[in-house]
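For reference, the structure is listed below as structure tokens.
What follows is calculated from the coordinates using simple rules that are stated; it is not laboratory data. Quantities reported herein were computed from a predicted structural model and do not represent experimental measurements. With ideal geometry, Cβ positions are generated from the backbone for all residues, glycine too; neighbour counts draw on all protein chains shown.
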Amino acid sequence: MEKGIHSFDELKKRFTLTENEAAYKGGNNSLPISITPHYLSLIQSDDPQDPLRKQVFPDCREEKEENLEMMDPLEENNYSITPRLVHRYKSRVAFLTTDICPMYCRHCFRRRFTGNLVGPADDDEIKEAALYVGSHKEVTEILLTGGDLFTMSDAKINHMISMFRMYSPHLIIRLCTRMVVTEPSRFTQHLIDLIKQHKSAPFYLLTQFNHPREICKESIEAVSLFVDNGIPALNQTVMLHGVNDNADTMEELCNTLLFHRIKPYYVFQGDLVSGTAHLRVHLSKTRQIEKDMRERLSGLALPNFMIDLPFGGGKVPISDSYVEGCSHNIWTFKTIDGTKRKYPN
Ligand SMILES: *Cc1c(COP(=O)(O)O)cnc(C)c1O
Ligand code: SF4
């Protein structure tokens, strides 16, 4: 990890920065700078339009809060049971295992929390969260998220899983990580063997690939460790301006993921998080891409295009509903290309 970049000065030494990148100041509340050696090796060094570079090079536009932007648009703080346990949807909770990531994405929507360098939850925090989940039988799934779960030691991860499973033996566990993309060498058979010890526990791996070039030999191998050992992989992509906001890139991303046994699950419209406006895509453009994907992709390759609404409104699909209405017991549907079809009740 030491071979990565961890400060603005190092970045300036190794790359020719654009005007917006060079003007970055980085105040007290800013997201740290960190780019892993693996991700650096994927960046085409001096192309300022490089879609991978745009995700990790800081930019002075991060330091502006645009109209309607907020630090916590999803109101996760309001839905927090403990400082690290978010209970927004009835059947599932998100546990913020640690605020540390090996690499910081400039589009991070949880920047209120991420990168404050507080570190992993301690044993008391884990126990408090596990007790809460155990006493709420309606909770059937937990998202172990952050930060990045896999910045913690194997032993710590194992302990966390044991605690939640002890109080809720039937819990479904989502392992949410971008580390298969950012530093795939983290994933070893030893780690997988530890996870597999929790024999009856259903695990799902939730990744974040945003661009086809992030899918390389190393990241495929990391994901395969999970899939080969019975842990299905699903991907969540963030729509990002200049990164993946065109139909050809999105099509290639989804098809390549599917080919490597990673099911495209969600594509997220950018949240109204402070300092991320320059990376957000016009909603009308996202909606057009969604429509194009519905024509081009198989059902397996097709993700759900979602928006997590401001003021804690929750996730909804961005698409039109395909029902126009119903009268005299006849439904009217719109097809993808906008023509109408009737269907009796
Ligand atoms: C997105 C999210 C979930 C999971 O939602 P799914 O639609 O089931 O993927 C759970 N908790 C929080 C706080 C979330 O933001
Ligand atoms: S890996 Fe996830 S939590 Fe970490 S900076 Fe990137 S988007 Fe944020």
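By the rule of a C-alpha distance below 25 Å, with chain neighbours fewer than 8 residues away ignored, the lysines paired with LYS291 are LYS263, LYS315, LYS334, LYS340, LYS342. Less than 5 angstrom separates the built amide H of ARG88 from those of ALA94, all sequence-distant by 5 or more or on a different chain. Lysine pair count for segment 1-124 with Cα-Cα distance under 18 Å and sequence separation of 8 or more or different chains is 9. Ordering THR339, THR182 from the fewest to the most neighbouring beta carbons within 10 Å gives THR339, THR182.
For segment 244-299, what does the alpha-carbon gyration tensor say about shape, rounded, prolate or oblate, given a ≥ b ≥ c as the root eigenvalues, a/c under 1.5 as rounded, and a/b over b/c as prolate? Prolate, since a/c reaches 1.5 and a/b exceeds b/c. With all projection directions averaged, the alpha carbon convex hull of segment 142-260 covers 7.3 nm². Once the chain from GLU128 to LEU300 is taken as fully extended at 0.36 nm per residue, the excess over their C-alpha distance is 58.1 nm.
Over all alpha-carbon pairs in segment 27-145, figure out the percentage whose distance exceeds 21 Å. So the portion of pairs separated by more than 21 Å is 50 percent.
Run the paramagnetic zone check for SER80: 7 angstrom along Cα to Cβ, then residues of segment 135-150 with backbone nitrogen under 14 Å. Correct set: 146-147.
Normalised radius of gyration (Cα atoms, divided by 2.2 N^0.38 Å) for segment 1-71: 1.13. Measuring nothing but how far apart in sequence close Cα pairs (under 8 Å, 6+ apart) lie, relative to its length, segment 12-90 scores a relative contact order of 30 percent. Taking 21 Å as the straight-line reach from the Cα of LYS156, the lysines in range (excluding those fewer than 8 positions away in the same chain) are LYS127, LYS196, LYS199.
Between segment 51-78 and segment 127-142, how far is it from one alpha carbon centroid to the other, in angstrom? If you average the Cα positions of each part, the centres end up 31 Å apart. Between the exposed loop cleavage positions of the chain, defined as GluC sites (Glu not before Pro) in a non-H, G, I, E, B DSSP state with at most 12 neighbouring beta-carbon atoms within 10 angstrom, the longest gap is 139-345.
Amide H to amide H distances under 5 Å link HIS241 with ARG280, VAL281, where only residues 5 or more positions off or on other chains count and H is placed in the peptide plane.
Are there trypsin sites (Lys or Arg not before Pro) in segment 1-56 that DSSP puts in a loop and that have at most 12 other Cβ atoms within 10 Å, and which ones? Display every interim value, and only then the final one.
Values: sites: LYS3, LYS12, LYS13, ARG14, LYS25, ARG53, LYS54; in loops: LYS3, LYS25.
Answer by residue number: LYS3, LYS25.
In the chain, the calculated helix contribution to ellipticity at 222 nm averages -8000 deg cm²/dmol per residue, counting -39,500 (n - 2.57) for every DSSP H run with n ≥ 4.
For the chain, the fraction of C-alpha pairs farther apart than 29 angstrom is 42 percent. Taking amide hydrogens as placed 1.01 Å from N in the peptide plane, the amide H of PHE305 sits under 5 Å from those of VAL267, ILE318, each at least 5 positions away in sequence or on another chain.
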